[in-house]
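Enquirer: Here you go, one structure.
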Amino acid sequence: MSNMFAFFTVTLTLFTVEVFGLPYSYSQSRKQHGFKTEPQFTEKYFSQTVDHFNFNSMGNGTFNQRYLITDKYWKKGYGPVFFYTGNEGDVWEFALNSGFITELAAQQSALVIFAEHRYYGKSLPFGKDSFSIPQIGLLTVEQALADYAVMITDLKQQLAATDCPVIVFGGSYGGMLSVYMRLKYPNIVAGALAASAPILSTAGLGDSRQFFRDVTADFESVATECREAVRGAFHQLKEMAEQQDYSRIQSEFSLCKAPSSAQDIHQLNGLLRNAFTLIAMLDYPYSTHFMGNMPANPVKVACETMLSGPDLLTNLRDTAGILYNATGILTCFDLYSLYLECADPTGCGLGFDSMAWDYQACTEINLCYESNNVTDMFPPMAFTQRDRELYCSKRWAVVPRPDWLKTQYWGDALSTASNIIFSNGDLDPWANGGVRKSLSSSLIAINISGGAHHLDLRGSNDADPVSVITARKTEADLIAQWVKMERTRLRRTP
């Protein structure tokens, strides 16, 4: 999940980011993502409690938690509050890639807030020491939810919005947090839109083979030959590795340094598999600059590349280059700087954010996914609970709790909850780790044909499939109903 921020470097200026080292403005992003509205977010900081659950701990103080806010569309004191439960990365990336929220705010006269998750972006409770042991120990789902509950409550007081219903939004891990907010704090949150939220698979429910099987299915849907070409290329790589023909491997894959061990080959397999994972997640019908520069319909582009000639190894290298070398400026691939192996087999990204996500994957977030070259097209790469325990004990001196999310946040026993939308696109490999069938009249599953990873949260685009346009209309109608119901409830409350 945290692949989504692997290739962004965010500058300290308010409306500028860099993509692969190229200047990239806020207004350019709005235009390229097809957003119809132009909200002027203000970046602010909230004085947040470091430890909500221990009055005597090292975290008895406060830290500055970043958030973005716009009241451009808000009917002050009356319109709803749309609150994005930030996830594993810089909060600006969510704001720049969740245009549906601001479009909906314009329709429903809402105040919009994007909150940054503790330990990500600039919201570091202990500054540069935040990723040391034991300081990292205050990075938990529970603390993050409490952050959001406190922030919402205090900001509503400050803004004279105490009677304004709150709807939370989130994508991927952020979508999980939106679900949890509605479960944990229904007194604060009237409803949740959880897009591409794998709340079942990350709680240890389901099949560990599902994720990479579904990545494979995306490419197979373009052409069976594409799947077989990928499988064949990995087989050729395996044969070269068994012969320890490391110089040829370096040449075929344009590696900066020749591999010299089985571990280097394992790293190469992970880097290559990671490229297909992100291409599948980002299979949008238009070009994007989210998690790197991606062409329109990148799975189709990747398959065309894999089938472009008889040299499967060259094709595999060039397909990986769609992700890792979109600008064409890299002259070689550095195995250990482009991809980091961690406790999330789908990738942890790079930089400080990758450390935070790795820790979360070592504690509460259960991501024991494997590839096996039978149900998928990738090399066999196991990641069992035992593998997770050994890694996490060595890296963070922690023992994972594989059943904790199921215990703490209900697992699949959600029938008594209410006012949650679970949206998923059928192109998204995370989709089958989430809720695909409606559970009640107020626990609604929306399945988006031709939709990739939380496509419905993105701003409107001329290339959008009809399915996502319809999904957004359904989401808007449900949210309007929840807001109306909550207003009625608040009026009746003494």
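Enquirer: Of the residues Asn447, Asn373, Asn432, which is open to solvent by 30 Å² or more (accessible area, probe 1.4 Å), under 21 Å from Gly270 (Cα atoms) and touching a residue at least 12 places away in the same chain (Cβ under 8 Å)?
Expert: From the options Asn447, Asn373, Asn432, the qualifying one is Asn373.
Enquirer: Out of curiosity, is Gly232 at positive phi, touching a residue at least 40 places away in the same chain (Cβ under 8 Å) and either crowded, with 16+ Cβ neighbours inside 10 Å or not in a loop (DSSP other than H, G, I, E, B) (or both)?
Expert: Taking the combined requirement at face value, the residue does not satisfy it.
Enquirer: Given the conditions (1) within 30 Å of Asn461 (Cβ to Cβ); (2) open to solvent by less than 10 Å² (accessible area, probe 1.4 Å), report the number of the one that Met151 does not fulfil.
Expert: All conditions are met except number (1).
Enquirer: Being outside any helix (DSSP H, G or I) and in contact with a strand residue (DSSP E or B) (Cβ under 6 Å, 6 or more places away or on another chain) is the filter; apply it to the stretch 122-147 and report the residue that is most open to solvent (accessible area, probe 1.4 Å).
Expert: Across the stretch 122-147, the extreme among qualifying residues is Lys122.
Enquirer: Now for a separate question. Give the stretch 177-216 a look and list any residue that's within 21 Å of Asp344 (Cβ to Cβ), open to solvent by 40 Å² or more (accessible area, probe 1.4 Å) and in a helix (DSSP H, G or I), or say none.
Expert: Listed by number, the list holds a single entry, Arg213.
Enquirer: So, of the residues in the stretch 384-401 that are in contact with an Asp or Glu (Cβ under 9 Å, 6 or more places away or on another chain) and in a loop (DSSP other than H, G, I, E, B), which turns out to be surrounded by the most Cβ atoms within 10 Å (Cβ to Cβ)?
Expert: Pro400
Enquirer: Select from the stretch 359-368 the residues that are within 12 Å of Thr346 (Cβ to Cβ) and out of contact with any Gly (no Cβ under 9 Å at 6 or more places or on another chain) and list them in ascending order.
Expert: Ala361, Ile365, Leu367
Enquirer: Now, a different point. What do you reckon, is Pro379 touching a residue at least 12 places away in the same chain (Cβ under 8 Å) and either in a helix (DSSP H, G or I) or more than 18 Å from Asn366 (Cβ to Cβ) (or both)?
Expert: yes
Enquirer: Of all the helices (runs of 4 or more DSSP H) wholly in the stretch 249-355, which have at least 3 residues that are at negative phi and open to solvent by 40 Å² or more (accessible area, probe 1.4 Å)?
Expert: 262-281, 298-306
Enquirer: Among the residues of the stretch 70-88, are any among the aromatic types (Phe, Trp, Tyr), without any contact (Cβ under 8 Å) to a residue 60 or more places away in the chain and in a loop (DSSP other than H, G, I, E, B)?
Expert: Within the stretch 70-88, one or more residues are among the aromatic types (Phe, Trp, Tyr), without any contact (Cβ under 8 Å) to a residue 60 or more places away in the chain and in a loop (DSSP other than H, G, I, E, B).
Enquirer: Restricting attention to the stretch 407-427, does a residue exist that is farther than 24 Å from Gly86 by Cα and of a type outside the set (A, V, I, L, M)?
Expert: The answer is yes; a qualifying residue exists.
Enquirer: Against the conditions (1) assigned to a helix (DSSP H, G or I); (2) open to solvent by less than 10 Å² (accessible area, probe 1.4 Å); (3) under 29 Å from Asp90 (Cα atoms), where does Tyr359 fall short? Just the number, please.
Expert: Evaluating Tyr359 over (1) assigned to a helix (DSSP H, G or I); (2) open to solvent by less than 10 Å² (accessible area, probe 1.4 Å); (3) under 29 Å from Asp90 (Cα atoms) leaves (2) as the failure.
Enquirer: Please go through the stretch 462-477 and pick out each residue that is outside any helix (DSSP H, G or I) and either closer than 14 Å to Ser196 by Cβ or open to solvent by 30 Å² or more (accessible area, probe 1.4 Å) (or both).
Expert: Asp462, Ala463, Pro465
Enquirer: Can you pull out every residue in the stretch 450-461 that is buried (at least 19 other Cβ atoms within 10 Å of the Cβ) and farther than 16 Å from Glu103 by Cβ?
Expert: Within the stretch 450-461, Gly451, Ala452, His453 qualify.
Here is a yes/no grid of residues against (1) farther than 16 Å from Leu338 by Cβ; (2) touching an Asp or Glu at 6+ places or on another chain (Cβ under 6 Å); (3) touching a residue at least 60 places away in the same chain (Cβ under 8 Å):
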site	(1), (2), (3)
Arg248	yes, no, no
Ser254	no, no, yes
Pro259	no, no, yes
Gln267	no, no, yes
Phe276	no, no, yes
Tyr284	yes, no, yes
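The values are calculated or read from the model by the stated rules, or taken from the named source; none is laboratory data. Remember, predicted model here, so these are calculated numbers, not experimental data. As a convention, Cβ positions derive from the backbone with ideal geometry for all residues, glycine included, and neighbour counts pool all protein chains shown. Quick note on the areas: whole protein, heavy atoms, side chains included, nothing else; ligands and nucleic acids left out. Shrake-Rupley method; radii C 1.70, N 1.55, O 1.52, S 1.80 Å.
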